[in-house]
1. If residue 202 passes every condition in (1) crowded, with 19+ Cβ neighbours inside 10 Å; (2) within 16 Å of the ligand (Cβ to nearest atom) but one, which one does it miss?
2. Could you say whether any residue in region 227-238 is touching a helix residue (DSSP H, G or I) at 6+ places or on another chain (Cβ under 9 Å), more than 13 Å from the ligand (Cβ to nearest atom) and outside any helix (DSSP H, G or I)?
3. Within region 187-209, track down each residue that is touching a helix residue (DSSP H, G or I) at 6+ places or on another chain (Cβ under 8 Å) and within 28 Å of residue 91 (Cα to Cα).
4. Which members of region 41-67 meet the condition of being more than 20 Å from the chain's Cα centre (by Cα), outside any loop (DSSP other than H, G, I, E, B) and touching a residue at least 40 places away in the same chain (Cβ under 8 Å)?
5. Given region 246-339, what helices (runs of 4 or more DSSP H) lie entirely inside it while holding 2 or more residues that are within 16 Å of the ligand (Cβ to nearest atom), at pLDDT 95 or above and surrounded by fewer than 20 Cβ atoms within 10 Å (Cβ to Cβ)?
6. For region 225-239, does any single residue satisfy the condition of being more than 23 Å from residue 142 (Cβ to Cβ) and free of Cβ contacts under 8 Å to residues at least 60 places away in the same chain?
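The values are calculated or read from the model by the stated rules, or taken from the named source; none is laboratory data. Note that the coordinates shown come from a computational prediction; the quantities given were computed from them, not determined experimentally. Using ideal geometry, Cβ is built from the backbone for each residue, glycine included, and neighbour counts are taken over all protein chains shown.
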Ligand code: PBG
């Protein structure tokens, strides 16, 4: 029969030794977040005279030009080196094909050019390359009917519109375009169009594994979405992992410089599987609903907001993300600097 002293003698492996104090914990930490890992999504809106807070995303604003530039300076001062721009047109500027997406005077292209003019190459300007904010029906591409009269988004008819949009974004000053519409072949189409117009230096961050997720809910308010229904015929089914590997493989073959998994925290298994083999950087997008839930619980005093923010971002990085798109980017960067 073993006694308690025998037992403790046998216990030569004591993992707690490496957790004894902050210096030891930092010495053995496997994952470190950096401000430069973080990408801040931002919304630039027409039809407002001052920044408007999005009610379901406290601390996130639809910006005017002034407030956009101010917020971008704050991000850069905190150490964030990349922002991702979404445009919010007034309803009167939306149409069937989303033509303001490639107009030089469209809301998003104006935001891109004023940011590029202000920051040059100090702050990377990324553009959302998708039509849903610009179409009057809110879908990500050209809407048509299939032979059974179901309303669908026409994949191949959408690709030339994405090409025009990406070229307009590059012309406006985007360093990175980020196709988020989940059309098959969109990366190859956009790469070809950018190269043909002389924008070989503009990078593509592909939303490769993008799920038809209810976690996008608050984003619909943020961009004043016109969508009725859902995107399940083009975004992925949350039940599936294997097809994400195919999506990533196709996007890399088509020329994606970065690939992305979205949402982040509910899809860490997908992120890890993709990150394990990807030869290009892998980003993850902590989406509006993830942000809203953490904010809501934090503001209710149900969780420690700052601690949960940092833990969620650390977990996304630990799972394999190289870059994280997050509405917490500035708060997290500041917390890292003050740590
Ligand atoms: C589509 C797009 C969406 C988001 C980013 N790009 C919405 C959608 O696909 O329905 C969601 C971002 C978020 O929820 O934070 N252009």
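1. (2)
2. So far as region 227-238 goes, yes, one or more of its residues are touching a helix residue (DSSP H, G or I) at 6+ places or on another chain (Cβ under 9 Å), more than 13 Å from the ligand (Cβ to nearest atom) and outside any helix (DSSP H, G or I).
3. Within region 187-209, the first condition is being touching a helix residue (DSSP H, G or I) at 6+ places or on another chain (Cβ under 8 Å), and the residues that meet it are 187-194, 197, 199-200, 202, 204, 206, 208-209.
Matches in region 187-209: 190, 206.
4. Hit for region 41-67 is 65, nothing else.
5. On the way: elements: 268-277, 288-299, 305-318, 329-338.
Counting at least 2 such residues, we get 288-299.
6. Applying the first criterion (more than 23 Å from residue 142 (Cβ to Cβ)) to region 225-239 yields 238-239.
So of that shortlist, the ones also free of Cβ contacts under 8 Å to residues at least 60 places away in the same chain come out as 238-239.
Yes, there is a match, as at least one residue in region 225-239 is more than 23 Å from residue 142 (Cβ to Cβ) and free of Cβ contacts under 8 Å to residues at least 60 places away in the same chain.
Conditions (1) away from the ligand (no atom under 15 Å from the Cβ); (2) in contact with a strand residue (DSSP E or B) (Cβ under 6 Å, 6 or more places away or on another chain), marked per residue:
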| position | (1), (2) |
| --- | --- |
| 164 | yes, no |
| 167 | yes, no |
| 170 | yes, no |
| 180 | no, yes |
| 183 | no, no |
| 186 | no, yes |
| 195 | yes, no |
| 220 | no, no |
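So that you can scan it fast, the table gives a plain yes or no per residue for (1) part of a helix (DSSP H, G or I); (2) at positive phi; (3) at pLDDT 90 or above:
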residue: 2; (1), (2), (3): no, no, no
residue: 7; (1), (2), (3): yes, no, no
residue: 12; (1), (2), (3): no, no, yes
residue: 18; (1), (2), (3): yes, no, yes
residue: 24; (1), (2), (3): yes, no, yes
residue: 30; (1), (2), (3): no, no, yes
residue: 33; (1), (2), (3): no, no, yes
residue: 36; (1), (2), (3): yes, no, yes
residue: 39; (1), (2), (3): no, no, yes
